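A.B. asks: Dropping the structure in here first, questions after.
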Amino acid sequence: MEVFVNEQSGQRAGKWIGRYTTELLFGAALGVSLAALCLMYGRERRNRLKSKTSEIKPDLNMERYIFDIATSNGIKQAIVESSGECYSVSLENAFLGTMWQDPAHGMQWKTEDQPLQEHLWDISAALSEAFSRNGFPAILKGAYPEIIHTGWKTSETLEITLNPDTDLEVFSTFLQDEVMNLVDFDEHLDLVVKKKDDAYFKIIAVN
């Protein structure tokens, strides 16, 4: 009896397979096609991500810092860039002059440009802290024009605000891979990366 039932089941299965052979082949082909599409999409997404991140890669051989300094007209943004042994300084996109360290006077900062004189102390003080954890925002803003604002939430948490047009996923992925090339301190730091007017954020741990 059991053999008979098994034979009947086998016959019914054989008839069902014969009847739906075309559908089964189509389903298998569809599954293979979907798998291939998924692989192609994954490869294309990785290539697109790699292409986009290469566009935001900074020139780590160029020294560039952006500081917020106090002036008689309020807090202004100073941009300091290296030019050989000198540093060129702009304040709110207005060129102020150049400054350098004088080895004959204990490496004190000097300038011959009058517009820069009144800001020389503040900028030199900011430069002396640039490679500490507290000075790290100046390096980040100097390296990535996508960053429009930084602000300390705690002593170990720095919020980074990006231009709204920036792809947050691409930028945060790249920054996570490259940030240690910019770090010259041992203390722990959490970077909270978000776009302007957007609550969504990514956290990148440093050290």
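The values are calculated or read from the model by the stated rules, or taken from the named source; none is laboratory data. Keep in mind that what you see is a predicted model, and the values were worked out from it rather than measured. Heavy atoms of the whole protein, side chains included, go into the accessibility calculation; ligands, DNA and RNA do not. Shrake-Rupley method; radii C 1.70, N 1.55, O 1.52, S 1.80 Å.
A.B. asks: With θ set to phi - 60° and the Karplus curve 6.51 cos²θ - 1.76 cosθ + 1.60, what are the ³J(HN,Hα) couplings of segment 166-173 in order, to the nearest whole Hz, using x for Gly and Pro?
C.D. replies: Karplus values, whole Hz, x for Gly and Pro: 6, 7, 4, 5, 5, 5, 5, 5.
A.B. asks: Just how many pairs of Lys in segment 104-207 have C-alpha atoms closer than 25 Å, counting pairs that are eight or more places apart or on different chains?
C.D. replies: Going through segment 104-207 pair by pair, I get 11.
A.B. asks: Could you run the Karplus curve 6.51 cos²θ - 1.76 cosθ + 1.60 with θ = phi - 60° over segment 152-163 and give me ³J(HN,Hα) per residue in whole Hz, x for Gly and Pro?
C.D. replies: Along segment 152-163, the couplings run 7, 8, 9, 5, 10, 10, 10, 8, 10, 9, 9, 4 Hz.
A.B. asks: With a 1.4 Å probe and all protein chains kept in place, how do Lys76, Lys153 rank by accessible area, largest first?
C.D. replies: Numbers: Lys76 60, Lys153 130 Å².
Correct descending sequence by accessible area is Lys153, Lys76.
A.B. asks: At a probe size of 1.4 Å, how large is the accessible area of Ser82, to the nearest 10 Å²?
C.D. replies: Answer for Ser82: close to 40 Å² accessible.
A.B. asks: Over the Cα atoms of segment 70-169, compute the convex hull volume and normalise it per residue, giving Å³. Please report the intermediate quantities before stating the final value.
C.D. replies: Details: hull volume 13.6 nm³, N = 100.
Looking at segment 70-169, the number lands at 136 Å³ per residue.
A.B. asks: From the protein chains alone at 1.4 Å, what is the descending order of accessible area for Trp100, Trp152, largest first?
C.D. replies: Working: Trp100 70, Trp152 100 Å².
Most to least solvent-accessible, the answer reads Trp152, Trp100.
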